[in-house]
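Worksheet: the structure to be examined is printed underneath.
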Ligand SMILES: NC(=O)c1ccc[n+]([C@@H]2O[C@H](COP(=O)([O-])OP(=O)(O)OC[C@H]3O[C@@H](n4cnc5c(N)ncnc54)[C@H](OP(=O)(O)O)[C@@H]3O)[C@@H](O)[C@H]2O)c1
């Protein structure tokens, strides 16, 4: 089976490539090279008309994982045109091409399509109401898929961190080399999710055979590591687990900082549907972050600076 991964040079895309390369023929698409040797890359911009459609018609994979997106939330707010181009227009072209060629599309969306005012976990059926341009651009992409898509599934994931690309977890670790005092918001709560765990879940899912795609078709799923925490609580665990015993986290509230994009206070996605219908249950985030720290500290990036 051939699988195409958009954004294969990004955080989730590169872990999907690493996880799936031993079983499937992989093709990556994106604006930068993938770090994993097990995937050949076609470089280009997904928002360019016809480029992806022609590539798909030529390559004819069975499944497309569409991870490519503009994920810098504050950057989306200050440059809404770019956000819409990369997150909505590009997804529209990917969806149209998949429909035309008859390829199953797995699209990644976000907890930021919700406004965070709900008491309790967000269900897949809850009404999206994004607070920022990033969330709005992903909501528009979801809506387009629901209206015009044919073979597809939407997976909303949250608070990603991984070995590639910027993330909160990597920033805290990097800063812990030189800093001892951290101010972090304590009133935004969510589920930190390791991209390696997500990639492993998709390997297990695809391993169930083609019928799993039928079961997923036209459905929305929430998928994340188990457990919830605030950004401040997450920072504390990262610092403790990485051995930065002297580091102190000062808890501040969202109202005390000014950032271009508003963030939801409650980002907690309900994980029940993916577990019930697909048998997917990711481990608690506290276990994953320990593995992440060990892998990151063994990586050339960390070693070079050490
Ligand atoms: N990161 C999170 O915390 C988070 C949370 C919830 C949901 N998600 C969703 O999960 C998915 C994966 O996120 P991630 O953090 O792994 O992403 P990422 O690390 O930012 O990687 C995205 C990749 O997509 C590429 N890309 C963006 N627009 C493109 C275009 N028009 N044409 C070709 N390539 C393009 C980027 O290239 P450049 O480097 O050149 O821009 C980058 O390599 C995304 O759909 C995201 O919305 C992420």
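The values are calculated or read from the model by the stated rules, or taken from the named source; none is laboratory data. All values derive from a computational prediction rather than experimental measurement. Cβ sites come from the backbone with ideal geometry, for glycine too, and all protein chains shown count toward neighbours.
For every residue, the table says whether it meets (1) over 30 Å from residue 25 (Cα atoms); (2) buried (at least 16 other Cβ atoms within 10 Å of the Cβ); (3) at pLDDT 95 or above.
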residue	(1), (2), (3)
117	yes, no, yes
135	yes, yes, yes
169	yes, yes, yes
179	yes, no, no
195	no, yes, yes
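Residue 98 passes all but one of (1) assigned to a helix (DSSP H, G or I); (2) under 17 Å from residue 261 (Cβ atoms); (3) away from the ligand (no atom under 15 Å from the Cβ); which number fails?
Against the list (1) assigned to a helix (DSSP H, G or I); (2) under 17 Å from residue 261 (Cβ atoms); (3) away from the ligand (no atom under 15 Å from the Cβ), residue 98 comes up short only on (2).
Evaluate segment 235-257: report whether one residue or more is closer than 17 Å to residue 117 by Cβ, out of contact with any helix residue (DSSP H, G or I) (no Cβ under 7 Å at 6 or more places or on another chain) and modelled with pLDDT under 95.
Scanning segment 235-257 turns up at least one residue that is closer than 17 Å to residue 117 by Cβ, out of contact with any helix residue (DSSP H, G or I) (no Cβ under 7 Å at 6 or more places or on another chain) and modelled with pLDDT under 95.
Scan segment 15-40 and report the pairs whose first residue is within 23 Å of residue 86 (Cα to Cα) and in contact (Cβ under 8 Å) with a residue 60 or more places away in the chain and whose second residue is within 15 Å of the ligand (Cβ to nearest atom) and assigned to a loop (DSSP other than H, G, I, E, B), with Cβ atoms within less than 8 Å and a gap of 6+ or a chain change.
Final answer for the pair search is 15/162; 15/163; 15/164; 16/8; 16/67; 35/9; 35/164.
I'd like the full set of residues that are assigned to a loop (DSSP other than H, G, I, E, B) and closer than 22 Å to residue 215 by Cβ, limited to segment 102-125.
Hits for segment 102-125 are 102, 103, 123, 124, 125.
Within segment 159-203, count every residue that is out of contact with any strand residue (DSSP E or B) (no Cβ under 7 Å at 6 or more places or on another chain) and in a strand (DSSP E or B).
So the count comes out to 1.
Provide a single number: the residues in segment 1-35 that are near the ligand (Cβ under 7 Å from one of its atoms), surrounded by fewer than 24 Cβ atoms within 10 Å (Cβ to Cβ) and assigned to a loop (DSSP other than H, G, I, E, B).
Residues that pass the stated criteria total 2.
Going by the structure shown, is residue 58 surrounded by fewer than 23 Cβ atoms within 10 Å (Cβ to Cβ), over 24 Å from residue 272 (Cβ atoms) and at pLDDT 95 or above?
Yes, satisfied.
Of the residues that sit in segment 36-50 and are within 14 Å of the ligand (Cβ to nearest atom) and closer than 22 Å to residue 194 by Cβ, which one is farthest from the chain's Cα centre (by Cα)?
Among them, the one singled out is 39.
Residues checked against (1) under 25 Å from residue 222 (Cα atoms); (2) more than 8 Å from the ligand (Cβ to nearest atom):
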site: 54; (1), (2): no, yes
site: 58; (1), (2): no, yes
site: 63; (1), (2): yes, yes
site: 73; (1), (2): yes, yes
site: 77; (1), (2): yes, yes
site: 81; (1), (2): no, yes
site: 92; (1), (2): yes, yes
site: 107; (1), (2): yes, no
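Looking at 76, 98, which one is more than 21 Å from residue 165 (Cβ to Cβ) and surrounded by 24 or more Cβ atoms within 10 Å (Cβ to Cβ)?
It is 98.
Output the number of residues of segment 179-210 satisfying the condition of being closer than 21 Å to residue 226 by Cβ and touching a helix residue (DSSP H, G or I) at 6+ places or on another chain (Cβ under 8 Å).
Going through segment 179-210 one residue at a time, the tally reaches 16.
Only one of these conditions is not met by residue 255: (1) out of contact with any strand residue (DSSP E or B) (no Cβ under 6 Å at 6 or more places or on another chain); (2) touching a residue at least 24 places away in the same chain (Cβ under 8 Å); (3) surrounded by fewer than 21 Cβ atoms within 10 Å (Cβ to Cβ). Which number is it?
With (1) out of contact with any strand residue (DSSP E or B) (no Cβ under 6 Å at 6 or more places or on another chain); (2) touching a residue at least 24 places away in the same chain (Cβ under 8 Å); (3) surrounded by fewer than 21 Cβ atoms within 10 Å (Cβ to Cβ) applied to residue 255, the lone miss is (2).
Just need a number here: residues in segment 51-88 that are in contact (Cβ under 8 Å) with a residue 24 or more places away in the chain, more than 19 Å from the chain's Cα centre (by Cα) and in a loop (DSSP other than H, G, I, E, B).
Residues meeting the conditions: 3.
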